[in-house]
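Please treat every number below as a calculation from the coordinates, not as lab data. Every value quoted in this text rests on a predicted model; they were computed, and no experiment measured them. In this analysis, Cβ positions are derived from the backbone assuming ideal geometry, glycine residues included, and neighbour counts consider all displayed protein chains.
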Amino acid sequence: MKQLLLIALSALFCMGSLLSQQTVTGTVTDTDGEPLIGASVSVQGTTVGTITDLDGNFSIDVPEPESVIVISYTGYESQRVELEPGQTELRIELGADVRLIDEVLVTGYQQQDRERITGAISTVESARIEQVPIASFDQILQGRSAGLMILGASGQPGSTASQVLIRGTASSASNQPLYIVDGIAVGSDVFNSLNPNDIESVTVLKDASSAAIYGASGGNGVIIVTTKSHERGQPTQFTYRGSVGVNTNTTGNFEMMNAREKLDFEERVMRGPGWVFSPNNPNYEGDGSIRDSLANINTNWRDEVLQTGVFTSHELSISGATEQSDFFVSGRYYYEEGQVVGSDFERGTVRFNFNHRANDWLRMGIRSNLAVSESNFITSEGAVNLNNPVALAYLSNPYDQVFLDDGSYQVGAAGRNFIEDTDLNENIIRRTSAVISSYFEADILPRLTARTNWGVRYQINETQRYINPESLLSATVQGSQGSLNRGHAKGLNLTGTTTLAYSRLLDVHEFRLMGGHEYSSISSRSFNFTGFGLTSGLRTPAGVTPGTGDNGFIPTVGGAFTERAITSYFGEVNYTYDSRYNVSASLRRDGSSVFGVDSRYGNFFSAGVSWNVSREAFFNVGWLDELKLALSYGELGSEQPLGNYQALTLYNPGSYGDATALIPSTPGNPDLRWEAVKGFNFNVEFAALSNRLFGEISLYSNESQDILLDQRIPLTTGWRDSPINAGDLRNRGIEVELEGVVMRTPDFVWSVGVNYAYNDNEIISLGQVSEFEVGTSIWREGLPIGTHFEVEWAGVDPATGNALYYDLNGNITNVYSSANRVAHGTYIPPHNGSVFTDISYRNFTFSALGVFAAGHEIFNNQTFFITNPTFTQFNQSKDMLNAWSQPGDVTNIQRLDSPRNFSSKDIEKADFFRLRNVTIGYNFDVDNLGIGNTFRSLRVYAMGQNLFTVTNFTGFDPEINNNIAQFEYPPQRTFTFGIDIGF
Amino acid sequence: MNKYITLLILSFAVLFYSCDSELELEPNDSVSLEFDKLEDFELTLNGVYSSFTAASYYGELKLAMEAWAGDDLKISPQNNGQGAFIHHWNYTSGDQNTEAIWGRIYTTIFRANLIINNYEGLTPEDDMEAQRLNEIVSQAYGLRALAHFHAYMFFGERYNDGSELAVPFVTEIGIEQNPPRVTTNELFGQLKSDLNQAIELANPNFQVKTFGPAAMYTVLAHIALFERDWNGVVTHVNNALDAGAPGLADASTYLSMWNVQDIDGGENIFKINFEPTNARIGNIFYIPSLDVGYYWVTDDLLQLYDQDNDVRFEAFFDLSDFPRVIKYVGSPPANPNVADAKVYRTSELYLMRAEANYELGNDGDALADLDAVRSARIEGFSSPGETGGDLFDAIVTERRKELAFESRRFFDMRRWNMPIDRIDCTANSCFLENDNHRFVFPIPEAEVFANDEMVQNPGY
């Protein structure tokens, strides 16, 4: 029916364009050669169009000989074909709109066909990244690659993900993967200066052999980001993207007492206004009227500190080409207000990407990004005190108010008032950042290409912390008259890579050789000062009073200058026989300034094989279209945990009398070197059911050795400890990525996918010791990293109300002893993954992404404070109303004067499922609406982020990067509406 | 042709950044020392002296631990745990104070070793530099010996015949070492050899804040005292006096050595300089900003002095508020308790020689030295003329009176095989038997754990 309508409409439109036409005919099929019936064929920029017939044939009259023909069909990737002069026939093959097994990937320093790869590499398409209302790209990656896990994504606008783990924790310290953006090695903090919409592709190198080409930097995995260029074959395009939305708050798992309940509770424990003003208090002589008036104040603190923030973004991008060059330019304004009062993030980015083909053997280009941003941020994130607004929303007493009746700020517990702090004081970060890289590529001989790529990332962060002399906080600073703290930090990353690549096809033998050199350095300089004695009204250094011996206003000054560098040589060989058997090997030699002088250089290698089974003559499994098996091994390292000068013996200035002295400060270690990772990977990749189902399954085992630990050395050497490479860890697991088309009809396509990863992390050795404690967690051989270490809770004794615990022999005791601590679970989820689906029906699209993690436990430090009479100065949870009060009560809340200690009572399972993103969109049929002359495309959509979470964890957020949950800024629930217009 | 130019440009791009020197990055906020100029040695020597001012050394623990463990102090009502384990003789190998002082002493030794292990690599530019280098090296050897001697006093096994375990004698630099404990004879042999070498290289002019020959001979005498080499004691005391050790101070000079003046002169042989930014020794006894005194002087010590005529009574004590030690009173109100550490004084030379002569049977010479000290301290003193056992008791008593709170008494009692008998006692433990293993402090657990060669002291 729809086809008939289209035929009729197109016939009408055809009549309108009879000038200087030529007729173009053709066939449209899918990749199996099956004709696609009713595919739309139109001439871009005009109203001319038709559809294919039952054999997939079409005939169209084009007004100009060099028109662009657009062919599209629901559920398939559209194609645009620029007609050659005189061309009258087209054969179009449309590919299914799900990931294909024969993509070309950007891997270390080269591009490879997925077919040829011997390791485990994931790709994330730009469509998955675009327009997500999170400022920082690394958080957007969540759920898009099996084995890639994001922990501790703070909801504070502009913050980057705290931890990105690829295949588990491979180190004792820094676990960040290596990020390469347009050839420059950068840290994850670059992402709050990049516009995620500028990203063309993301490749995640997950296994040891793929990342081994990055040598001592690749030990935690590598994420390669390439920014956009103009799409080949397309005319100049303008695109406007705008979106607006709201950020609402997601916290709210605790039910806190109301004013009367809190006052009654205070009376019970005999502390606080509820007792001080109680008629039952022998030391109080009044009646209950003060208490009653307090009970009538019920400040809703969540409303006071949390808000519905707004979000807005406008972007204009232009891309175009000439014969020899193409460019991509974009500018974006992004503004996000957090769910907490006083937090926001504003950023402007401009990108200019340019490629130029000087002649048939020389190419060059530049990628540049400039960004300026400013954010007001909350300093006390994750602290249990009333300076942390997230904590304030729960811990503040309901009978306290922001303002007293006379309009002045009420001084809350601990002498603070958060609203007053937000109104009077300032916490700002301004960032100015440039990320620029350029390349030259020359085919110096047939099949021999040389390429050099140089890039810098230069960033200046300015922080300002202003404490108003009239604010409550001013009483805590030196001189008690306000303070102004400003810091400047400048960071420069420089990467220069030069490669030579050779490829040769001889009959059925295909060789690729690549060799290269890279130099990379990071340096940062910072300076800060804090001045005191602020003149009221001035928030600049002009308001600072010079310090004298008596006035207490002597300013403090600090700063540092630190740098590191790596020089590397690398090479890779790939051999393919008959497109069926692939062998690859790589070798890299890295020298780093942070390694000890006796371990300055390291060698890293990898080797892998893969077999395209489906290309074998004997392969005849009907339902399997493609099958590839791969096995690889790689050795690489991680140099990030080492400090810039940790291997050196350093001296700090001191004094004796009035003479200067030099005092040894760090012993150094001339053998200090990278943490090593050695890993195996086995991959099965397949396409099945007529290319409707795609999957990749990986099995891996990685051993991390030479983990950096602080080893105790004899005091007789003159030192106490020394950093040494001594620990050993293991990560093994399985990753599954599946994506399939459930249903496909001309109007309706429905695909579903799942990413799942299971990682088993185990500490094998800790050098000198077999375990050591870190706060409430323990590092112990045989257990995973992040294991909680606490006394086991045994409930409340109904007869006495005492808290009960298990001792090491399993007996129940009411005596708490830290000697009875045992290991529990870990806060790093062994299971994690995502499910996602995409539906398109005619012009509507729907997509959803849900992420989940399981098998982990988190210490809920939040409940420790709100179900604890020791902290009666804070509000308490309603659960405390069920505290044990008389013999026979069965409850989990102990008697109020039984000491409340850390125990496994507060360790909770944190399995969760979170609906991360739901997007509903509508693509307007611009040609049919008659606006095809002005608009290339028009799309409107609504998107919801973090819509709901299913979990038994009673804290705020089961996705944190620490073993202790304490009032972190939770991710926001965001609703946005947007429009994308193409010109 | 153009292609080859391009190739050339590209290869420059590679070569430009492939030098090794790019990887030898020096820190900008700290210094690496090469010990290739005299200044490096000067600054490191200052670092050695500076280490003596740490709170874990003369800044507090060297003086406090001995005082807490002895019978000259009693716990005050204001005390809430300070020094309690030591005062009650409850220390174990996990004690933090013993770990701190052990670590600090060996850090000091390490800093001295930096000089000793590197000076041979420096070629002085002229005679003046060569002489200055010798002086620096002399002080390095000397201070290294002094620090080892302090380690021996706290941690070495009680002296019997010299075959007992002392402490490790560390001469090398390097974190790989596991220095073993050597016997007392070996240790003393090394210390004597180092001190003699130091004396040879030293600047002969006497300077009170430089560890010079006078102080070095004093240390040799002190070692001889532990070794019961009485002739050695006499010889070295005489050498010290010849090398420039000042004469005994008269009463008013003596007073100004201890009160707010804290003079460098008087009878000081060697002092460690303390500034207001350093730890404050006087805090052991009274902290003005908190108005607390954790330990009070015992009555039995106070009663030993002639309270009217003995200048030490006025110099050391203030009984107006509570029985308070003001030996390190500093200059209140601006810099209370900032006082230099008096490592050695001339009166000790006399007392050592007196004890040695007594042991040699020269009662007359012993009495002469004892009386010299007593006359200088007590106005209108006339000698009771003790001999024999009485003479020895008098020497014991005089050492207690003169050297109180200078880190001597507890170790003297161990030397003499005498018990600690607290007469004015507010502690849980008031009597430490003369053969109790607690007279020697435990080797820190951290050292035993990390050092394969370490052997713990008996009883711990």
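What the pair-distance distribution of the range A:520-574 shows, using all Cα-Cα distances binned every 10 Å from zero, is 18, 27, 18, 14, 10, 7, 5, 0 percent. The alpha-carbon of residue A:678 sits under 27 angstrom from the alpha-carbons of these lysines, leaving out residues fewer than 8 places away in its chain: A:206, A:628. Working from label points 7 Å from Cα in the Cα-to-Cβ sense, the residue A:924 to residue A:557 distance is 6.1 nm. Panel values: the range B:377-421, Kirkwood radius from alpha carbon pairs, Stokes-Einstein at 10 °C and 1.306 mPa s, translational diffusion coefficient 135 µm²/s.
In percent, rounded to a whole number, the relative contact order of chain A is 11, using alpha-carbon pairs under 8 Å and six or more apart.
Projecting the Cα atoms of A:899, A:975, A:962 onto the dipole axis of the range A:824-983, where Lys and Arg carry +1 and Asp and Glu carry -1 at the beta carbon, places A:975 farthest toward the positive end.
So for the range A:173-218, what percent of the C-alpha to C-alpha distances run longer than 13 Å? Taking all Cα-Cα pairs of the range A:173-218, the fraction more than 13 Å apart is 63 percent.
Report the equivalent ellipsoid semi-axes for the range A:256-370 in whole Å, largest first, defined as the square roots of five times the eigenvalues of the gyration tensor built from alpha carbon atoms.
Computed over the range A:256-370, the values are 69, 12, 8 Å.
Hull surface divided by four, with the convex hull built on the Cα atoms of the range A:492-604: how many nm²? For the range A:492-604, the mean projected area of the Cα convex hull comes to 13.7 nm².
For the range A:652-740, with equal point scatterers placed on the C-alpha atoms only and solvent neglected, what are the log10 I(q)/I(0) values from the Debye formula at q = 0.11, 0.14 1/Å, to two decimals? The calculated log intensity ratios at q = 0.11, 0.14 Å⁻¹ are -0.59, -0.72.
Residue separation times 0.36 nm, minus the C-alpha to C-alpha distance between residue A:979 and residue A:769: what's the value?
Values: separation 210, 0.36 × 210 = 75.60 nm, distance 5.93 nm.
Full extension of this stretch gives 69.7 nm more.
Take the convex hull of the alpha carbons in chain B; its mean projected area over all directions comes to 28.5 nm². Take the Cα radius of gyration of the range B:278-357 and divide it by 2.2 N^0.38 Å, N being the number of residues; the result is 1.25. Close amide H partners of residue A:721, meaning residues 5 or more places away or on another chain with modelled amide H under 5 Å apart, are A:713. The residues A:490, B:37, when put in order of fewest to most other Cβ atoms within 10 Å, stand as B:37, A:490.
Helical runs (DSSP H, four residues minimum) scored at -39500 (n - 2.57) apiece and divided by the length of the protein assembly as shown put the mean residue ellipticity at 222 nm at -6000 deg cm²/dmol. Placing unit charges on the Cβ atoms only, positive for Lys and Arg and negative for Asp and Glu, gives chain B a dipole magnitude near 660 debye about its Cα centre. Placing pseudo-labels 7 Å out from each Cα toward the beta carbon at residue B:437 and residue A:624 gives an inter-label distance of 7.1 nm. The ellipsoid that matches the Cα gyration tensor of the range A:318-372 has semi-axes, each √(5λ) in whole angstrom, of 37, 10, 6, with the longest given first. Please compute the contact order of the range B:342-460 in relative form: average sequence separation of alpha-carbon pairs under 8 Å and at least six residues apart, divided by the residue count, as a percent. In percent, rounded to a whole number, it is 16.
Taking amide H atoms as placed 1.01 Å from N in the peptide plane, the amide H of residue A:693 lies under 5 Å from those of A:688, A:741, each 5 or more residues away in sequence or on another chain.
In plain terms, the C-alpha convex hull of the range A:549-707 casts an average shadow of 17.0 nm² when viewed from every direction.
Rounded to the nearest 10 degrees, the angle from helix A:2-14 to the longest Cα principal axis of chain A is 60 degrees. Distance between the 7 Å Cα→Cβ label points at residue B:183 and residue A:937: 9.1 nm.
Once the Cβ-Cβ distance between residue A:93 and residue A:843 is put in as r, and R0 is 25 Å, what FRET efficiency do you end up with, to the nearest 0.05? Between residue A:93 and residue A:843 the formula returns 0.60. Excluding same-chain neighbours fewer than eight residues apart, the lysines reachable from residue A:262 by a Cα-Cα span under 28 Å are A:878, A:905.
Between the helical axis of B:2-16 and the longest alpha-carbon principal axis of chain B there is an angle of about 10 degrees. In the range A:791-896, one over the average inverse separation of all distinct C-alpha pairs is 17.6 Å, which is the Kirkwood hydrodynamic radius.
Residue-wise HN-Hα couplings along the range A:324-333, as the Karplus relation 6.51 cos²θ - 1.76 cosθ + 1.60 with θ = phi - 60° gives them from phi, are 10, 9, 9, 9, 9, 10, 9, x, 9, 10 Hz; Gly and Pro carry x.
Computed on the range A:204-327, the Cα convex hull volume stands at 242 Å³ per residue. Shape of the range A:724-863 from its Cα gyration tensor (a ≥ b ≥ c, root eigenvalues): rounded if a/c is under 1.5, otherwise prolate when a/b > b/c, or oblate? Because a/c hits 1.5 or more and a/b fails to exceed b/c, the range A:724-863 counts as oblate. With a cut-off of 12 Å between beta carbons, the residues surrounding residue A:616 carry a summed charge of +1, where Lys and Arg count +1 and Asp and Glu -1. By other beta-carbon atoms within 10 Å, ranking A:956, A:511 with the fewest at the front produces A:511, A:956. Applied to the range B:239-256, the Karplus parametrisation 6.51 cos²θ - 1.76 cosθ + 1.60 on θ = phi - 60° returns per-residue 3J(HN,Hα) values of 4, 4, 5, 5, 6, x, 4, x, x, 4, 7, 7, 4, 6, 4, 4, 4, 6 Hz, with x for Gly and Pro. Across the range B:16-151 the C-alpha pair distances fall into 10 Å bins from zero in the proportions 10, 30, 24, 18, 12, 5, 1, 0 percent. Pairs of lysine residues in chain B that meet both criteria, 8 or more places apart or on different chains and Cα atoms under 25 Å apart, total 24. Using only alpha carbons, the protein assembly as shown has a radius of gyration to Kirkwood radius ratio (Rg to Rh) of 1.05.
Near the amide H of residue A:117, within less than 5 Å, lie no amide hydrogens of residues on another chain or at least 5 residues away, with H placed in the peptide plane. Principal axis extents of the C-alpha atoms in the range A:912-974 (largest first, rounded to whole Å): 58, 18, 13. Treating r as the C-beta distance of residue A:734 and residue A:601 and R0 as 35 Å, the FRET efficiency rounds to 0.50. The simple Förster model, with R0 at 56 Å and r as the Cβ-Cβ distance, assigns residue B:368 and residue B:24 a FRET efficiency of 0.25.
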